[in-house]
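One structure is given here, and the rest of the page talks about it.
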Amino acid sequence: VRLVPENQYLLTSYRVKCDNNKIEKEELKNRIRPLTNRKILGVFRFHLFVYNLFGGGKERKFKRKISEVVGEAPVLYNEAEMKKNVNQLNNFLIKKAYYYPEIQEITKFKKNKKAKVTFLIKTGEPYVIDKFDYNILDPVISEFLKADSLNCLLKKGKPFDSEIMESERQRIAKLLRNLGYYYFSENLIYYSADTSAGNRKVNLELLLKDT
């Protein structure tokens, strides 16, 4: 921490505590930025050490070169970045059908100018698909999809997950191209969602744009 500026802190770690074991912690951590300084063997921040060793003192060309090529500047705690992380985590959970998560950032500032950040997450209950149907005017495509319905990724009781919905669009587009619709694009597929039934239930329809 030798080159950490006054009144600032080296960001040393992130922790994520989530009350929902259906959400992978690594998926949550992958949304968090900036990454902390790299460690070798999970212990020693070698690149930061090199930066500290050659980045200070009297300016020398070779020192600056080593510092730039091998070294890594200290990653500092930034309150604005942490607020962005809360927003990123919130957006990710919404995409996974958890529309009202509670996310709290807790940072411990150590006397040795280091900061450790913990995100506490309560996801709440997800929105789920109560009914799924096709609304396709083209009778041939409609029959293709109904015949393939066992392979559909969207089913009653499954989360109203936008990533799964996108995967289903891509799956259908590939299926139709294999059936001879060579220029069919997933951009022609869209959804209509009705949440008026309440109780976090969604009636979902899959539709095709007019071409």
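Quick test for you: out of Leu188, Leu176, Leu206, pick the one residue that is open to solvent by less than 60 Å² (accessible area, probe 1.4 Å), touching a Lys or Arg at 6+ places or on another chain (Cβ under 6 Å) and not charged (D, E, K, R). If you could, list the steps in order and put the result at the bottom.
Details: Leu176 fails: touching a Lys or Arg at 6+ places or on another chain (Cβ under 6 Å); Leu206 fails: touching a Lys or Arg at 6+ places or on another chain (Cβ under 6 Å).
Leu188 is the lone residue from the list that is open to solvent by less than 60 Å² (accessible area, probe 1.4 Å), touching a Lys or Arg at 6+ places or on another chain (Cβ under 6 Å) and not charged (D, E, K, R).
When the residues of segment 137-154 are filtered to those that are outside any helix (DSSP H, G or I) and modelled with pLDDT under 95, which remaining residue is most open to solvent (accessible area, probe 1.4 Å)? Break it down stepwise before answering.
Quick first cut of segment 137-154, residues outside any helix (DSSP H, G or I) only: 137-138, 148, 152-154.
Narrowing the set further to residues that are modelled with pLDDT under 95 leaves 137-138.
On the way: Leu137: 153, Asp138: 61 Å².
So the residue we want is Leu137.
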Query raised in the report: Can you name the condition, by its number, that Ser167 falls short on among (1) outside any helix (DSSP H, G or I); (2) hydroxyl-bearing (Ser, Thr, Tyr); (3) open to solvent by 40 Å² or more (accessible area, probe 1.4 Å)?
Result: (1)
Query raised in the report: Out of segment 185-211, which residues are within 14 Å of Ile129 (Cβ to Cβ), not basic (Lys, Arg) and not in a strand (DSSP E or B)?
Result: Thr195, Ala197, Asn199
Requested in this report: Could you please let me know if Tyr99 is among the hydroxyl-bearing types (Ser, Thr, Tyr) and either touching a strand residue (DSSP E or B) at 6+ places or on another chain (Cβ under 8 Å) or surrounded by fewer than 16 Cβ atoms within 10 Å (Cβ to Cβ) (or both)?
Outcome: no
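The values are calculated or read from the model by the stated rules, or taken from the named source; none is laboratory data. Keep in mind that this is a model prediction, so the values were computed, not measured. All Cβ positions, even for glycine, are placed from backbone atoms using ideal geometry, and neighbour counts span all protein chains on display. Each accessible area value is taken on the protein alone, full model and side chains, heavy atoms only, with ligands, DNA and RNA left out. Shrake-Rupley method; radii C 1.70, N 1.55, O 1.52, S 1.80 Å.
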